[in-house]
Structures are given as structure tokens and as C-alpha cells.
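Note sheet for the following structure.
FYI, it's all coordinate maths here, none of it is from the lab. Quick caveat: nothing in here was measured; it's all calculated off a predicted structure. Quick reminder, even Gly has a Cβ in these numbers, built from the backbone with ideal geometry, and neighbours come from all protein chains shown.
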Amino acid sequence: MEASHGHGHPPLAPSLSETLMAALLNVPAARLHPLVRALAADARRLRCRLAFLLLSPPHFARALARLRSMPLPGKAALLGRVLLRSLLLLLPALCPAGGDDYRRNHLLLPQPDLDAALLLLAMCDSYSPAAAASSSPSPVDWRAVIVDGVVASALSVSGLGPTPWAALAPYVDAAAKCRRFVDVAAPSAAAKDGGGSGAASHAAVLALPPAAGDGAPCAICREAMPPVRRGVCALRPCGHRFHLRCALRWLARRNTCPCCRAELPAQDAAVETRRLWRAVERTARGGG
Ligand SMILES: [Zn+2]
Ligand SMILES: [Zn+2]
């Protein structure tokens, strides 16, 4: 499966959006249609919230102040989380067996964070260096800039017509951005790619199913495990069993199984994005 070399720029090929679209084309229509409906509803909800912020000066000011008070790494982390959200929303169609509890937990952004993130995204979408240069040196009126941008994008979206791809496109776009963003914002995670770095997702750890010892000792502490469903857990996805306390200590530092290195969801957005993206690439190749 040597992917298309000879494109002139091997590090870029194929494009991230193309990979995602290829993965979605492999999804049966019966699974794609509910996804399209869910995404359309989500997009509507976010658009309404942004419109509310633009129409209510105090709410807009509060969200802008929150955004301005964030240090740059905080803004980067917020952007990473919002982009990861798009990837997670697309994922049920790509790998339906994923943990829903964990997904919901990742999707949950507190309202102030979501407001700040909506503004940040709208700023990125609406901002053009040319317009900024032509305006006076006074501070940018973000509310006016965003309103212009929102009106322009609303017109272009309605121009796409009511095809399923129109609902998917912004999410595919954001999910591809999410992967690019991680390459730029967290290159150190790139070095550890595939190695499973950092803590496992807290939600995934909380959802570990209890299990009974199967006669084998715990591979972490080498001590026997009780043959009852207490104090022992099984890792997902591999099913290897450990003392719960041993597993908790281990997963606080790594998101891989100590026996087989199977990957659990990661707490860090950058590490998690890379993990999910590998699943997208497998689906794009038709591997399910
Ligand atoms: Zn143990
Ligand atoms: Zn394992």
C-alpha cells in the first residue's frame, strides 16, 4: 500500500481532506445519513450560538475578554480541542465500535470555553491580512469583521445546495485542520508518534470494565490477582487484565497496554488526534 509517491511533494500527499473523504466514501449510506443529520444539527446549534454572541454586546464582550486573557498556549489548546471535536463527531461513521462515554466526555466543552472557541474560529475564518492592512491602525473591530465573514460564508454554504456533502464539508475541513494544527502546535508529539505518549484519557480509564483474575499474575506488579470481579480490570481494546490500582498508576503516565502496547484513548488532544487519525487512514484504505 505504498501511497502515491511521485507527486512531487511526498511529505504532503495525499491531502488530509482527501484521506477523510476517501474514508467517508467507504461508509455505508445507512450509517452516513444519521451522521449527516447529526452534523447539520450541530452546525445549526453552533451558528445560532455565534449569532447570539454577535447580537448581544455584553456576551460578545465577555467571550472576547476571556479569549484575550488566555495566554497563547491556552488559545492553542482550546483551538486543538474544538478541532478535535469535529474529528470526533465524524468518527462514529468511521469506527462505530469506539467508546461513546469517552467520546461524549471529549465533546463536552463548558459554555464559556465554547463561546471563546467560536469567536476564535470565526476570527480565523473572517480575518484577512489585506483588509487589516487597509484599515486604520486603530484596533480591529472584531464584531464587524466577524459579521462580514459570517454573512459571506452563509451565502457560499447555501450555494452548495442540499447535498449530504454540504453538511459534511465543514467538519471534514475542521478535522483536516485539526491534524495539521497538531503537526504545527505539538511537534514533540510527532516525535513520539505511535509510541503512545502521555496519560490515558480519564474518561476511558473510568470506563474500564471490571474483570476477574484469570489465574495469571498481574503483569505490572507480578502478584496474583483474585478470581473475583473486584480490584481487577480489563483494558480496552485488548482485554489484558491487571490490578485496578496497578492499571490506574500505569495509565496515569502512558496510554498503552503494558503487555501488548495496544493504545487507549489519550488525555492529551494532540496525542489523541494522531491516534484517531491513524484510524481514519485505516478506513480510507478500506481496512475498516
Ligand atoms: Zn498488579
Ligand atoms: Zn494488552
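Note that the range 202-251 shows a convex hull volume over its alpha carbon atoms of 64 Å³ per residue.
Under a 5 Å amide H cut-off, with hydrogens placed 1.01 Å from N, T256 pairs with L264 among residues at least 5 apart or on other chains.
Using the Cβ of A43 as centre and a radius below 13 Å, the other residues enclosed give a net charge of +4, where K and R count +1 and D and E count -1. Counted by neighbouring Cβ atoms within 10 Å, the residues M21, M225 run from fewest to most as M21, M225. The length gained by stretching the chain between A43 and D141 to full extension, at 0.36 nm per residue less their Cα-Cα distance, is 32.8 nm. Averaged over residues, the count of other Cβ atoms within 10 Å places the peptides 25-31, 142-148 in the sequence 142-148, 25-31, highest first.
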